[in-house]
Amino acid sequence: MSDAERLSAIRQHYERLVAVNDELDDRLLEATDRRSELQEELEQLKRRNETLKTSSLYLATVEELTDDGVVIKQHGNNQEVLTEVSPHLDDELDAGDRVAINDSFAIQQLLDDETDARAQAMEIDASPSVSYGDIGGIDDQVREVREAVEEPLTNPELFETVGVDPPSGVLLYGPPGTGKTMLAKAVANETDATFIKMAGSELVRKFIGEGSRLVRDLFELAAEREPAVIFIDEIDAVASKRTDSKTSGDAEVQRTMMQLLSEMDGFDDRGDIRIMAATNRFDMLDEAILRPGRFDRLIKVPKPDLEGREQILEIHTRDMNVASDVNFAGLGSTLEEYSGADIAALATEAGMFAIRDGRAEVRRRDFDDAYAKIEDAEEQTTIPGHTPYQY
Ligand SMILES: Nc1ncnc2c1ncn2[C@@H]1O[C@H](COP(=O)(O)OP(=O)(O)OP(=O)(O)O)[C@@H](O)[C@H]1O
C-alpha cells in the first residue's frame, strides 16, 4: 500500500470516528433531556404526595362511570356529585369502589380493602377451627343447630323429598358467653363452609347509608364464597322494636333492618348459604324479623347446668396438666351462674396461678385462687340492681 493510500484509509477511519462521536453526543443530549423531564415528573409526584398527605380528604362511593365523568356519593351527607378523576386512577375505578376525594370533589385515591368498611365490619374465616367437641353443656342446642343449618347444607335432597322448607334463619338467644358464636363457627367448620360474621353494632356505627350497603355486601360476599354461614352477632342493634323517636340515627337503623329483611325475603333460592344470628336481648327484638321466612327457628342457649359446667371445665383443661386433687364435679357445683366464657376464664386464671408458682401442674388450690380472684373482681364491677341482659 502506498503512503497516499494509507493516508486516505486513516482519513476515512477518522471521519467514521467523528460521525460516531457526533451520534453519541446527540444521544447524551437526549438522555440529559429525558433525565430532567423525569426529574420534573418526580418533583411533581412528590408535591402531589405531600398535598395528599397534608390535606384532609373526604370519603365517597363511586356510583356510576359516565362519559362526562364519575358520579360519586359523599359519605356523611349523601351528596351526589359528578366529578373528575386523577389521571393515574383513570382505568382503575369501578362502580361501588370507595374513594377519597378532595375539597373540590376530585377523586384522589382509591381505598383498598384494608381501609374498606366492609373488611372492618366483617370477620371472614374460610375454615374456622371450632368443632362440636369443643362445645360443652349444650348438646340439645348443638343437635338443633345441626338439624337446622347443617342438614340443609349437606343433605338438601332430604328436605326436597319430604317436601319441607328448611328454616330460613336460625336465631340463637341467651346470655353472653354461652357458646352462640362457637355454635355458628362449629357448624361452618363441619360443613366446610366459609364463616362470615357481622357485628350488629358495627352495622349501625357506620356512615349514613353505610349500614344497608354493608348488609347488601354481606349477602353478596356470602354468594361469592358459597357454601357459607352468615352470622350476625348482636342482631338487636339493628332489629330492636321500633322506637317513636324520629332522629336520623333511628331512621338509619330502620333502613339497615329493612335491607336485612329484604335480603332475607328475596333469598328464596338461597343455595348453599345459611343465615344465623345471635342476641342477648331477645326481649328487645322487633317481631318483624321473627316472621316465617326470616329468623323462623329460635334456639335458646342458656348458661350451663352442673353437668354442663363439668363438661366445659374438662374441655378447657384438656391441654393442661391437671393434678389429681382437682375435682371437676365439686368445682362445677360452686360455679353456679357461670357461663362457658366465665369457666374458660377461670381455667386460664388457674393456669396462671400455677405458672406464677413455677409449676407445670395445675392444682386444686390454683382453681380456688382463680375462683376467689374472679369473684372479687365481679363484686367490684357489679352495680346493685343492674341486670346487664335479659333473655
Ligand atoms: N358451651 C361452651 N363450651 C365451651 N366453651 C365455651 C362455651 N361457651 C362459651 N365458651 C367459651 O367462651 C368463649 C366465648 O364464647 P362465645 O363467643 O361462643 O359466646 P357467645 O354466646 O357468642 O357470647 P356473646 O353473646 O357475648 O357474643 C368461647 O371462645 C369459649 O372459650
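The values are calculated or read from the model by the stated rules, or taken from the named source; none is laboratory data. Treat the numbers as computed from the prediction; the structure is a model and nothing was measured. Cβ coordinates were reconstructed from backbone atoms using ideal geometry, including for glycine residues, and neighbour counts include every protein chain displayed.
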>> Any residue at all in the range 253-260 that's surrounded by fewer than 22 Cβ atoms within 10 Å (Cβ to Cβ), modelled with pLDDT of 85 or more and under 27 Å from PRO152 (Cβ atoms)?
In response: yes
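Residue by residue, here is whether (1) more than 14 Å from the ligand (Cβ to nearest atom); (2) hydrophobic (A, V, I, L, M, F, W, C) holds:
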position: ASN321; (1), (2): yes, no
position: VAL326; (1), (2): yes, yes
position: SER333; (1), (2): yes, no
position: ILE343; (1), (2): no, yes
position: PHE353; (1), (2): yes, yes
position: GLY358; (1), (2): yes, no
> Given the structure, is PRO87 of a type outside the set (A, V, I, L, M) and closer than 25 Å to ILE196 by Cβ?
Replying inline: no
> Where in the range 148-231 are there helices (runs of 4 or more DSSP H), lying wholly inside it, with at least 3 residues that are more than 16 Å from the ligand (Cβ to nearest atom), within 22 Å of the chain's Cα centre (by Cα) and not assigned by TED's automatic domain parsing to the domain that holds ASN78?
Replying inline: 210-224
> Looking at the range 1-96, what strands (runs of 3 or more DSSP E) fall wholly within it and have at least 2 residues that are hydroxyl-bearing (Ser, Thr, Tyr)?
Replying inline: 58-66
> Of all residues in the range 288-308, which are in contact (Cβ under 8 Å) with a residue 24 or more places away in the chain and of a type in the set (D, E, K, R)?
Replying inline: ARG294, ASP296, ARG297, LYS300, LYS303, ASP305, GLU307
> Residues of the range 265-285 being at pLDDT 85 or above and more than 18 Å from ALA199 (Cβ to Cβ), which ones?
Replying inline: ASP272, ILE273, ARG274, ASP283
>> Looking at ASP103 and the list (1) modelled with pLDDT under 85; (2) acidic (Asp, Glu); (3) in a helix (DSSP H, G or I), which single condition is not satisfied?
In response: (3)
> So which of ILE289, ILE312 is buried (at least 18 other Cβ atoms within 10 Å of the Cβ) and more than 11 Å from the ligand (Cβ to nearest atom)?
Replying inline: ILE289
>> Please go through the range 121-146 and give me each residue that is exposed (fewer than 15 other Cβ atoms within 10 Å of the Cβ) and in a helix (DSSP H, G or I), ordered by number.
In response: GLY133, ASP139, ASP140, ARG143
>> Please go through the range 153-191 and give me each residue that is more than 15 Å from ILE275 (Cα to Cα) and either in contact (Cβ under 8 Å) with a residue 40 or more places away in the chain or surrounded by 23 or more Cβ atoms within 10 Å (Cβ to Cβ) (or both), ordered by number.
In response: GLY174, PRO175, PRO176, GLY177, THR178, GLY179, GLU190
